[in-house]
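First up is the structure itself, then whatever we jot down about it.
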Amino acid sequence: MPQPVPQPAPDPDRAPDAPASTAAAPAAEIRARALKLLSGREHSRLELARKLYRRGYPAADVDAVLDRLMAEGLLSEERLLAAYVAERLEKGFGPLRIRAELQAKGLSDAAIDPHLQLNDEQCLALMSAVDAGKFGAAPANDRQTLAKRARFLEYRGFPASLIARALELD
């Protein structure tokens with residue numbers, strides 16, 4: 001009677017549907033996975049690379065595929081920046097928080113700056129709308145309420161100097 005061939009134990013660090021043989025992962029497979037991720041939403045190069053690395057694809061192959069996708073215009077950090085900034089501003093987030101989130105996605109300040117140009121008046125208008133949406137139009141009448149509003153606006157990513165101005169604390 002023939003002996004059964006032992007199967008390797010599953011790797012707990014590998015994603016369930018990650019390729020079993022990462023050394024032979026073809027560029028077409030990496031490209032298909034990247035395009036599937038990009039079809040859901042825009043990604044930065046760093047974000048997409050991290051997701052592909054987690055699936056066990058070799059770094060050299062991932063970098064080559066990402067270079068090709070950028071050259072073809074399918075992976076665009078400019079599109080990501082424009083869409084992300086517009087979406088986050090629409091949801092009432094301030095420039096400090098948006099900048100921090102974009103930096104976490106691997107984008108540089110030089111790339112972010114052209115898309116995140118808010119003057120103080122625009123920022124104050126956005127902040128007033130966010131504050132009114134959360135706390136109503138009535139002015140704060142005690143220090144505890146003012147502090148609560150200030151913490152909320154700071155969490156949302158607005159500069160402290162503008163928060164003080166908006167809440168008339170200065």
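What follows is calculated from the coordinates using simple rules that are stated; it is not laboratory data. If you're wondering where the values come from, they're calculated on a predicted model, not measured in any experiment. No Cβ is skipped: glycine too gets one built from the backbone with ideal geometry, and neighbour counts run over all protein chains shown.
Using R0 = 22 Å, the C-beta based FRET efficiency linking TYR53 and ARG79 works out to 0.45. Its Cα gyration tensor gives region 120-166 an equivalent ellipsoid. The semi-axes, each the square root of 5 times an eigenvalue, are 16, 12, 9 Å from largest down.
Extension gain, GLN144 to ASP67: 0.36 nm times the residue separation minus the Cα-Cα distance gives 22.5 nm. Counting lysine pairs in region 28-170 that sit 8 or more residues apart in sequence, or on different chains, and whose Cα atoms lie under 18 Å apart gives 4. When you filter the trypsin sites (Lys or Arg not before Pro) in region 65-100 for DSSP loop state and at most 15 other Cβ atoms inside 10 Å of their Cβ, you are left with LYS91. Here region 25-75 is treated with +1 on each Lys and Arg Cβ and -1 on each Asp and Glu Cβ, and its dipole about the Cα centre works out to around 260 debye. Across region 92-170, C-alpha contacts under 8 Å between residues 6 or more apart give a mean separation that, scaled by the residue count, equals a relative contact order of 46 percent. Each Lys and Arg contributes +1 and each Asp and Glu -1, all at the Cβ; summed about the Cα centre of region 43-153, the dipole is approximately 640 debye.
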